[in-house]
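The structure appears below as structure tokens.
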Amino acid sequence: SYYYNNLDVTIVSAHDNDQKQIEQIDSLVKAGVDLLVVSPNQISTISDAIDRAYDQGIPVILFDRKSDSPKYTAYMGADNYEIGRTMGSYIANKLKGRGNVVEIMGLKGSSPAIERHKGFVDALKKYPNIQLLESRSADWTTNSSRTQMDKLMAHYSSIDVVFAHNDRMALGADSTLFVGVDALPTPRDGIDAVRERRLAASCLYPTRGDRVIELAMNILEGRPYERNNKLRAALVTQENATLLHMQAEEVKRQYARLENI
């Protein structure tokens, strides 16, 4: 938002609570926001609140996650189906087409969890000797992942790979070989975990807040824009993790300079 001197941004977080998110959306609408950017906690639970905003003429950008309602102005987020498919193909190659896999999914009912699972399953269909033993839903947290993994380990004697829908769940799974999604550049998170071989691989999950702001301003100022905007993800392995870490550090330095200016 630094690029725009006529823009005020208010940020609120519902901390994964559906009811709180509904209340926040209604409150922002009542306050008279010109545009609403929302990342729905689950695909259907807050649709009515989003619809109320949209029906009052407020443009709505769905960011990162989707709603099951057609009432939105634009969407921007990663191709979660492709992320699941990419990680499935990586695991299949890593196992040389044979092995036992379990999946720790994100929050049940959230669009990233639904789409990553579908892409992952579709990728593994090409490998009949790879068994997806079970998929269990967690809530994106390390502790929840540990709980689900303990149950899986008690039930299955041989698990070769764990695919978790984000890095912190993968790190909480504590298995022989595990892969995640996000590849955050912050200390001890995804990229560091791959560099230190605590994770076999991750998927760099794009957020691109700069592009969300650009999209919002195009909508508000009447310029052309795309309704559906998919951001490309990238596989992070031990071969490229160091390079990506260096790039992330440089971006951080550039943002710090911009903020000082």
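Just a few scattered comments:
Residue-wise test of (1) closer than 30 Å to Pro128 by Cα; (2) within 16 Å of the chain's Cα centre (by Cα).
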| position | (1), (2) |
| --- | --- |
| Asp34 | no, no |
| Asn41 | no, yes |
| Asp51 | no, no |
| Gly88 | yes, no |
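- Test for Pro70: is it more than 26 Å from Ser157 (Cα to Cα) and open to solvent by 20 Å² or more (accessible area, probe 1.4 Å): yes
- Long-range neighbours under 8 Å by Cβ, at least six apart or interchain, first residue closer than 18 Å to Gly209 by Cα and at pLDDT 90 or above within the range 231-254, second part of a helix (DSSP H, G or I) and open to solvent by less than 60 Å² (accessible area, probe 1.4 Å): Ala233/Ile83; Ala233/Thr86
- Number of the exception - Val101 against (1) over 14 Å from the mean Cα position of the chain (by Cα); (2) modelled with pLDDT under 95; (3) of a type outside the set (Gly, Ala, Ser); (4) not in a loop (DSSP other than H, G, I, E, B): (2)
- Qualifying residue in the range 178-188 (condition: within 23 Å of Gly77 (Cβ to Cβ) and of a type in the set (S, T, N, Q)): yes
- Here Tyr81 clears all of (1) part of a loop (DSSP other than H, G, I, E, B); (2) open to solvent by 70 Å² or more (accessible area, probe 1.4 Å); (3) under 24 Å from Leu231 (Cβ atoms) except the condition numbered (1).
- Among the conditions (1) open to solvent by 10 Å² or more (accessible area, probe 1.4 Å); (2) of a type outside the set (Phe, Trp, Tyr); (3) touching a Phe, Trp or Tyr at 6+ places or on another chain (Cβ under 7 Å), the only one that Leu199 does not satisfy is (1).
- Qualifying positions in the range 1-31 - closer than 19 Å to Lys108 by Cα, surrounded by 14 or more Cβ atoms within 10 Å (Cβ to Cβ) and of a type outside the set (A, V, I, L, M, F, W, C): Asp16, Asp18, Lys20, Gln21
The values are calculated or read from the model by the stated rules, or taken from the named source; none is laboratory data. Here the structure is a predicted model, which is why all the values come from computation and not from measurement. We place every Cβ from the backbone using ideal geometry, glycine too, and count neighbours over all the protein chains shown. Ligands, DNA and RNA are excluded from the accessible area calculation, which covers all protein heavy atoms including side chains. Shrake-Rupley method; radii C 1.70, N 1.55, O 1.52, S 1.80 Å.
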